[in-house]
Amino acid sequence: MPDPSAIRLTIPRPDDWHVHVRDGDLLRAVLPYTAKIFARAIIMPNLKPPVTTAARAKAYRDEIIAAVPAGVKFTPLMTVYLTDATDPADLARGHAEGVITAAKLYPAHATTNSEHGVTDIKKIYPVLEQMQKIGMPLLVHGEAIGADIDVFDREAVFIEKTLKPVRKDFPALKIVFEHITTQEAADYVAAEGSKNTLAATITAHHLLINRNAMFQGGIRPHYYCLPVAKREKHRAALVKAATSGGTMFFLGTDTAPHTRAAKESACGCAGIFSAPNALALYAQVFDEAGRLDKLEAFASRNGPAFYGVPVNPDTLTLVKSLKPNSEIKPILTENGQEIVGFAPMSPAFWGVADI
Ligand code: DOR
Ligand code: ZN
C-alpha cells in the first residue's frame, strides 16, 4: 500500500555516468538493479583482463545487453581502459562506429584492477591528442600514487600533478573528474567547469559518509572504497557542489560490487555496491539540503548535456515516505555468493515508485 501522505517527485529518467557491472555471474546478479532505474550508464572497463580495445568493448557490450532483464530498456555506454600501449587509431575507429563513448584513465596501481593502468601520463599524449580531436571524453580516476603520498591526499595531489598540466596541454579535451571526494576537487571543478571541458561525478555514498564510517566500533569494510571517504568538511563541500545546480556536477554512483568474502577479508577489496538504493539516497541528500529542486539537473540533465546526448524522454518518480526505509538485504549471485549493499548511517525516507 503506498503511503497516502507521501511526497512525490517526477524527473526525466536519470543516467548513471559511472558504474561497475563486472561480468559473468556477478554481472547477471547486479545489472538488473542499475538497468531498471537508469536509462543509460557509463560502464567501467576494469575487468580482469581489462577492456582495452574497441573489439573487447563490443564483446562486453553484447554480454551486458544479454543480461538486461526482458522488458527493460537500458543502454550501456562503453569505455576503454587506457594503457601505455593504447592505439589511438583503435579508439578513433571504435568511437566513429559508436562502440566506445569514452576512455578511462587509471593511474597504475591506483585502485581495483588498475595494475595495467597508465604509468606516466606522457606515454598516452598521442592518445589524448586523438581524443581531443574527435571529442571523446577522458574519464579520470583522479588519484596520484606514490609511497610518499598519503592516501587521503591522493586526489588533491592529482589535481596539481596531473590534471592541471593535462588541461593546459589539451585545452579542448573533455574531462570527467570521476567520483570526487574533496573540497579541492569540488572547488577546482566549480571554477573551471563552466567551459564545458571539465565536469565531475559525485557518488551517493561520498555525499552521505565521511571517513569515520570506516572505523565505527571496528573496521567496516563495506564503507571502504577508492577514492576513500575523507573528512566531514569534504563531505559538506561535495553536498554543496552536487546541490548547487552547477551544470559541471552530475550523477555517477560508482556502484562497485564485490562478494562479501572479497570485502570481509584480511585485504578487503575497495568498492561500495549502491545500485539498489543510490538514486533514492541522492534524493535523501538533496532533500536534507533543502535543494530537491536541483536533483533533476544533477540526475537527469547535466550528464546528457556534457556528453552531448538527449535527455531521456521517459520519467521516473521518487517517493518520500513517513517511515524510514528498511535495510537492503544482500543480493545473491547464481553461485550463492552474497553482495552486501550500501547502508546509509542515518535514516533515509526516499524510494523509487512503481519498480
Ligand atoms: O572503490 C572502488 N572500487 N574504486 C574504484 O576505483 C574501483 C572500484 C572497483 O572496481 O571495485
Ligand atoms: Zn569506479
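The values are calculated or read from the model by the stated rules, or taken from the named source; none is laboratory data. Model, not experiment: these values are computed from the prediction. Counting neighbours? That spans all protein chains shown, and the Cβs are built from the backbone with ideal geometry, glycine included. Just so you know, the surface numbers come from the protein's heavy atoms only, side chains and all, with ligands and any DNA or RNA stripped out. Shrake-Rupley method; radii C 1.70, N 1.55, O 1.52, S 1.80 Å.
Okay, residues lined up against (1) polar (S, T, N, Q); (2) within 16 Å of ligand 1 (Cβ to nearest atom):
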residue: 223; (1), (2): no, yes
residue: 226; (1), (2): no, yes
residue: 237; (1), (2): no, no
residue: 247; (1), (2): yes, no
residue: 250; (1), (2): no, no
residue: 266; (1), (2): no, no
residue: 270; (1), (2): no, yes
residue: 276; (1), (2): no, no
(request) Residue by residue through region 37-55, note down the ones that are free of Cβ contacts under 8 Å to residues at least 40 places away in the same chain and away from ligand 2 (no atom under 16 Å from the Cβ). (result) 55
(message) Quick test of your reading of the structure: residue 301 fulfils all but one of (1) modelled with pLDDT of 95 or more; (2) open to solvent by less than 40 Å² (accessible area, probe 1.4 Å). Name the failing condition by number.
(response) (2)
(request) Starting from residues that are of a type in the set (Gly, Ala, Ser) and surrounded by 24 or more Cβ atoms within 10 Å (Cβ to Cβ), keep the ones in region 242-278 and report whichever is nearest to ligand 2 (Cβ to nearest atom). (result) 256
(message) Looking at residue 233 and the list (1) open to solvent by less than 10 Å² (accessible area, probe 1.4 Å); (2) part of a helix (DSSP H, G or I); (3) out of contact with any strand residue (DSSP E or B) (no Cβ under 7 Å at 6 or more places or on another chain), which single condition is not satisfied?
(response) (1)
(message) Which condition from (1) surrounded by fewer than 23 Cβ atoms within 10 Å (Cβ to Cβ); (2) within 16 Å of ligand 2 (Cβ to nearest atom) is the one that residue 34 breaks?
(response) (1)
(message) Which pairs turn up if I take residues in region 245-258 that are over 11 Å from residue 38 (Cβ atoms) and look for partners that are of a type in the set (S, T, N, Q) and open to solvent by less than 20 Å² (accessible area, probe 1.4 Å) with beta carbon separation below 7 Å, at least 6 apart in sequence or on another chain?
(response) 247/302; 249/302; 250/201; 250/302; 254/203
(message) Suppose the filter is touching a Lys or Arg at 6+ places or on another chain (Cβ under 9 Å), part of a strand (DSSP E or B), under 16 Å from residue 302 (Cα atoms) and at pLDDT 95 or above; does residue 199 pass it?
(response) yes
(request) Scan region 110-139 residue by residue and report those that are within 19 Å of residue 94 (Cβ to Cβ), aliphatic (A, V, I, L, M) and either out of contact with any Pro (no Cβ under 8 Å at 6 or more places or on another chain) or within 12 Å of ligand 1 (Cβ to nearest atom) (or both). (result) 124, 128, 134, 136, 138, 139
(message) Need pairs with beta-carbon distance below 7 Å; first residue without any contact (Cβ under 8 Å) to a residue 24 or more places away in the chain and within region 109-121, second surrounded by fewer than 19 Cβ atoms within 10 Å (Cβ to Cβ) and of a type in the set (Gly, Ala, Ser); sequence gap 6+ or separate chains.
(response) 115/108
(request) Could you tell me which of the residues 111, 203, 181 is touching a Ser or Thr at 6+ places or on another chain (Cβ under 8 Å) and of a type in the set (Ser, Thr, Tyr)? (result) 203
(request) Among the residues of region 241-278, write down those that are among the aliphatic types (A, V, I, L, M) and either modelled with pLDDT under 95 or part of a helix (DSSP H, G or I) (or both). (result) 241, 242, 261, 262, 278
(message) Could you go through region 161-175 and let me know if any residue there is within 21 Å of residue 110 (Cα to Cα) and without any contact (Cβ under 8 Å) to a residue 12 or more places away in the chain.
(response) yes
(message) For a quick check of your reading: which helices (runs of 4 or more DSSP H) sit entirely within region 84-171 and have at least 3 residues that are open to solvent by 10 Å² or more (accessible area, probe 1.4 Å) and more than 16 Å from ligand 2 (Cβ to nearest atom)?
(response) 88-96, 125-134, 164-169
(message) So if I check each of 288, 338, which one is open to solvent by 40 Å² or more (accessible area, probe 1.4 Å), modelled with pLDDT of 95 or more and farther than 21 Å from residue 251 by Cα?
(response) 338
(message) Test of understanding: among 184, 192, 178, 232, which residue is within 25 Å of residue 37 (Cβ to Cβ) and acidic (Asp, Glu)?
(response) 178
(message) Being within 16 Å of ligand 1 (Cβ to nearest atom) and more than 17 Å from the chain's Cα centre (by Cα) is true for just one of 29, 89. Which residue is that?
(response) 29
(message) Filter region 11-24 down to the residues that are open to solvent by less than 40 Å² (accessible area, probe 1.4 Å) and more than 30 Å from residue 349 (Cβ to Cβ) and list them by number.
(response) 22, 24
(request) Look through 61, 28, 56, 8 and report the one residue that is touching a helix residue (DSSP H, G or I) at 6+ places or on another chain (Cβ under 6 Å), open to solvent by 50 Å² or more (accessible area, probe 1.4 Å) and not aromatic (Phe, Trp, Tyr). (result) 28
